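See below for the structure under consideration.
The values are calculated or read from the model by the stated rules, or taken from the named source; none is laboratory data. Treat the numbers as computed from the prediction; the structure is a model and nothing was measured. Here the Cβ positions follow ideal geometry from the backbone for every residue, glycine too, while neighbour counts run over all protein chains shown. Surface accessibility is based on the protein's heavy atoms, side chains included, excluding ligands, DNA and RNA. Shrake-Rupley method; radii C 1.70, N 1.55, O 1.52, S 1.80 Å.
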Amino acid sequence: MQTILAFALVFGIIVIIHEFGHFYFAKRAGILVREFAIGFGPKIFHHRKGETTYTIRLLPVGGYVRMAGYEEEADIRPGMTVSLSLDDMDMVEKIDLQSKDEALDTVPLEVTAFNFDENLFIAGRVGFDTEVKSYEVKRDALLVEKDGTLLQIAPKDRQFQSASLGNRMMTNFAGPMNNFILAIIAFTALAFLQGGVPSQEPLIGAVEEGSPAAEAGLEEGDRIISIDNEEVGSWNEMVLIIQDSPEEAMTFDIETVEGERVEQIITPYSFESGNEVVGRIGIGTYVDDSLTARLTFGFTETWFIVTQIFTLLGSFFTGGFSVDQLGGPVAIYATTEAVVQAGIFGLISWIGFLSVNLGIMNLLPIPALDGGKLLLNIIEGVRKKPLSQEKEGYITLIGVVFLLILMLLVTWNDIQTFFLN
């Protein structure tokens, strides 16, 4: 249960922050945001405030912002029966698409034609009348979808395509941008909560009492220059060298805190790690507790993860693509179970890591992702006109199919890796 709650919390925070980026800049551009949804599938909760309906849906594996002109319209078509709510001027203020008995104060209408973009009307036959009657629709009229969700209609000037190209590009980019901002905030907060930043330099941290390092006189802040004449450039390099030499005397070239250069012979002790025996000398990672280190950690750690992701993506082209290198919601859930054991620090770090990953993945130039939409925006800027809606629809459909197939492959691979092996 604890893992489920942690998964919902982590995924919920990342998705809400991502979608809020789209939401905020769409509102700034004058685009009507009809729905702000957390999750996919059937609606389990909704609340309408202002022009937007906020919903929570059954499957907590994502979310979306429904912008007018940027998604499928409500399922209204000629031949269907709807219920109209009219104001004192007989203008339509609500169109109910639900199949249920009409209220006494509504008008049952068999739709023959409608236009909510420019002319703002709906026409049809009332009751058993054969004569077609037309009603004027208010600019802020509501549609009640079949699942009960309230959405506002959108005249042409409130739709996504009516916004300037710059505003549309900013709206598309804002989701990934917010993920990077969230990661920076998360890692910065982690640095302050931990009391400092673990250094990647080959510096000595806390020294275990009675350990080989303590017996050699190593102190916190000492720097390891080389081991057995092999230069050491990072903490990880130093650890790997030591781990590979249990019970072997090694010559350490050390720069002390006072700036002196000394050599010490240190023999790592044996330690069982999993199924193998590794060497250790009893030192911890050096923690830089300076204010500068804490303030910059969010930026440096986010950039480090970005470079690692691009290295991985580059390997798809140089070393061949493998589904094993990707992880979906199942992998995230399985990893969250381990992260929970690390406590609040682990969760904050996991939020930052996943947020960067989501930001990068969404910027890939794949149709249906934010990066694909930005690519279409750039093409529009070069051509000085947008692609036709038909072509853009085909391109988006190809992207959706590709992502669905990829998601199915990744999910099945994750299930086999974490639950069937």
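Could you list all residues from segment 173-217 that are within 35 Å of the chain's Cα centre (by Cα) and either open to solvent by 50 Å² or more (accessible area, probe 1.4 Å) or of a type in the set (Ser, Thr, Tyr) (or both)? Give the steps one after another, and end with the answer.
Pass one, segment 173-217, residues within 35 Å of the chain's Cα centre (by Cα): 173-203, 205.
Answer for segment 173-217, where residues must be within 35 Å of the chain's Cα centre (by Cα) and either open to solvent by 50 Å² or more (accessible area, probe 1.4 Å) or of a type in the set (Ser, Thr, Tyr) (or both): Phe173, Ile181, Ile185, Thr188, Phe192, Leu193, Gln194, Pro198, Ser199, Gln200, Glu201.
Which of the following residues is more than 24 Å from Trp350 (Cβ to Cβ), in contact with a helix residue (DSSP H, G or I) (Cβ under 7 Å, 6 or more places away or on another chain) and of a type outside the set (A, V, I, L, M, F, W, C): Tyr70, Tyr64?
From the options Tyr70, Tyr64, the qualifying one is Tyr70.
Out of everything in segment 249-276 that is more than 38 Å from the chain's Cα centre (by Cα) and not in a strand (DSSP E or B), what residue ends up being farthest from Ile181 (Cα to Cα)?
Only one residue tops the list, namely Ala249.
Is there a residue in segment 123-137 that is within 30 Å of Ile38 (Cβ to Cβ) and open to solvent by 50 Å² or more (accessible area, probe 1.4 Å)?
Within segment 123-137, not a single residue is within 30 Å of Ile38 (Cβ to Cβ) and open to solvent by 50 Å² or more (accessible area, probe 1.4 Å).
Is it the case that Ser164 is within 30 Å of Leu358 (Cα to Cα) and surrounded by fewer than 16 Cβ atoms within 10 Å (Cβ to Cβ)?
Working: within 30 Å of Leu358 (Cα to Cα): yes; surrounded by fewer than 16 Cβ atoms within 10 Å (Cβ to Cβ): yes.
Yes.
For Thr149, all conditions in the list (1) open to solvent by 20 Å² or more (accessible area, probe 1.4 Å); (2) more than 27 Å from Ser388 (Cα to Cα); (3) of a type in the set (Ser, Thr, Tyr) hold save one; what is the number of the exception?
Of everything listed in (1) open to solvent by 20 Å² or more (accessible area, probe 1.4 Å); (2) more than 27 Å from Ser388 (Cα to Cα); (3) of a type in the set (Ser, Thr, Tyr), Thr149 misses just condition (1).
Of the residues Gly279, Gly298, only one is in a helix (DSSP H, G or I), in contact with a Phe, Trp or Tyr (Cβ under 8 Å, 6 or more places away or on another chain) and either among the small types (Gly, Ala, Ser) or at pLDDT 95 or above (or both); which? Give the derivation first.
Values: Gly279 fails: in a helix (DSSP H, G or I).
Selected residue: Gly298, the only one of Gly279, Gly298 that is in a helix (DSSP H, G or I), in contact with a Phe, Trp or Tyr (Cβ under 8 Å, 6 or more places away or on another chain) and either among the small types (Gly, Ala, Ser) or at pLDDT 95 or above (or both).
Please count how many residues of segment 231-251 are in contact with a helix residue (DSSP H, G or I) (Cβ under 9 Å, 6 or more places away or on another chain) and surrounded by 12 or more Cβ atoms within 10 Å (Cβ to Cβ).
Step one: of segment 231-251, the residues in contact with a helix residue (DSSP H, G or I) (Cβ under 9 Å, 6 or more places away or on another chain) are 231-232, 250.
Filter once more, so that each one left must be surrounded by 12 or more Cβ atoms within 10 Å (Cβ to Cβ): 232, 250.
Residues that pass the stated criteria total 2.
Of everything in segment 282-295, what is open to solvent by 30 Å² or more (accessible area, probe 1.4 Å), under 30 Å from Ser355 (Cβ atoms) and assigned to a strand (DSSP E or B)? Give them in sequence order. Steps first, please.
Here is the first cut: in segment 282-295, the residues open to solvent by 30 Å² or more (accessible area, probe 1.4 Å) are 283, 285-292, 294-295.
The next check asks that each one be under 30 Å from Ser355 (Cβ atoms); those that pass are 285-292, 294-295.
Passing the criteria: Thr285, Val287, Asp288.
Given Val10, Val65, Val33, which one is within 25 Å of Thr336 (Cα to Cα) and either of a type in the set (Phe, Trp, Tyr) or within 23 Å of the chain's Cα centre (by Cα) (or both)?
Numbers: Val65 fails: within 25 Å of Thr336 (Cα to Cα); Val33 fails: within 25 Å of Thr336 (Cα to Cα).
Testing whether each residue is within 25 Å of Thr336 (Cα to Cα) and either of a type in the set (Phe, Trp, Tyr) or within 23 Å of the chain's Cα centre (by Cα) (or both) leaves just Val10.
Could you grab me the full set of residues in segment 30-64 that are touching a Gly at 6+ places or on another chain (Cβ under 9 Å), in contact (Cβ under 8 Å) with a residue 60 or more places away in the chain and open to solvent by 20 Å² or more (accessible area, probe 1.4 Å)?
Lys43, His46, Val61
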